[in-house]
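This report concerns only the one structure given below.
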Amino acid sequence: MPTAPAAEAPEASGLPETPRPPRPRPPARPRPRVLLGATAGAVAVLVLLVAVGTLLRQPLLIPPLAASAALVAGAPELPLSQPRSVVGGQLLSALTGFAVLTVAGPGPWGAAVAGGLALGVMALARAPHSPAAATAVVVALQDPPLWSFLGLLALACLLLVAAGLAAAPATGRTYPAYWL
């Protein structure tokens, strides 16, 4: 049975060896001040959302907002964490969810479409915020009242941004990197 010829090593063929790019590594451990400040900031703003929601007798803490809080507190330098993306991305995604809900009615099929469309809408608006895609899904699954949901969502997003502003000095980081 014939065998294929062995590939020549680069040095044997006279070709220079191309360097391989370094393998990605996990991020470095954060400094204690950053770790404690970011964790405390995330816990504080999520507890604040529950407290304000309790006072208003409306749920203010929804799962996508916990992911938003993690981004603002844990990675305030990322474009996904900036106020434009947090507030704009969440509100645009909710509106996308309501638009799909109007066409398709509540349910998992429409929720899947809403989540995907929300990513495109945010990209077009230059307000990327991946947790907001889940907000579109929540809207399309649960069919909440439009104006009260949008108002509560806007309030929650503004509280997330305010918490990011308040926590930045404690962690020694800058937030926001930009506003608009």
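When the test is whether a residue is of a type in the set (A, V, I, L, M), under 28 Å from Pro32 (Cα atoms) and at pLDDT 95 or above, Val161 passes it.
Among residues that are touching a helix residue (DSSP H, G or I) at 6+ places or on another chain (Cβ under 6 Å), in a helix (DSSP H, G or I) and open to solvent by less than 60 Å² (accessible area, probe 1.4 Å), Ala51 is not included. Screening Pro22, Pro16, Pro27 for residues that are at pLDDT below 85, more than 26 Å from Pro63 (Cα to Cα) and assigned to a loop (DSSP other than H, G, I, E, B) leaves exactly one candidate, Pro16.
For the stretch 86-108, indicate whether the set of residues that are of a type outside the set (Lys, Arg), farther than 21 Å from Trp147 by Cα and more than 16 Å from the chain's Cα centre (by Cα) is non-empty. The answer is yes; a qualifying residue exists. Residues of the stretch 71-101 that are of a type in the set (Gly, Ala, Ser), without any contact (Cβ under 8 Å) to a residue 60 or more places away in the chain and touching a helix residue (DSSP H, G or I) at 6+ places or on another chain (Cβ under 7 Å): Gly74, Ala75, Ser85, Gly89, Ser93, Ala94, Gly97. With the condition kept exactly as written, say whether any residue in the stretch 102-123 is over 21 Å from Gly164 (Cα atoms) and in contact (Cβ under 8 Å) with a residue 40 or more places away in the chain. No: the stretch 102-123 contains no residue that is over 21 Å from Gly164 (Cα atoms) and in contact (Cβ under 8 Å) with a residue 40 or more places away in the chain. For the stretch 128-149, the criterion of being over 30 Å from Gly37 (Cβ atoms), within 20 Å of the chain's Cα centre (by Cα) and without any contact (Cβ under 8 Å) to a residue 40 or more places away in the chain is met by at least one residue. If I ask for residues that are more than 17 Å from the chain's Cα centre (by Cα), of a type outside the set (D, E, K, R) and open to solvent by 90 Å² or more (accessible area, probe 1.4 Å), which ones from the stretch 54-65 would you list? Hits for the stretch 54-65 are Thr54, Leu55, Pro59. Applying a threshold of 6 Å to beta carbon distances and a minimum spacing of six or more residues, or different chains, the list of pairs starting in the stretch 1-28 at a residue that is within 30 Å of Ala75 (Cβ to Cβ) and open to solvent by less than 90 Å² (accessible area, probe 1.4 Å) and ending at one that is at pLDDT 60 or above and not charged (D, E, K, R) is empty.
The values are calculated or read from the model by the stated rules, or taken from the named source; none is laboratory data. No experiment lies behind these values; they were computed from the predicted model shown. Ideal geometry is used to build each Cβ from the backbone, glycine not excepted, and the neighbour counts take in all protein chains shown. These area figures cover heavy atoms from the full protein model, side chains too; ligands, DNA and RNA do not enter into them. Shrake-Rupley method; radii C 1.70, N 1.55, O 1.52, S 1.80 Å.
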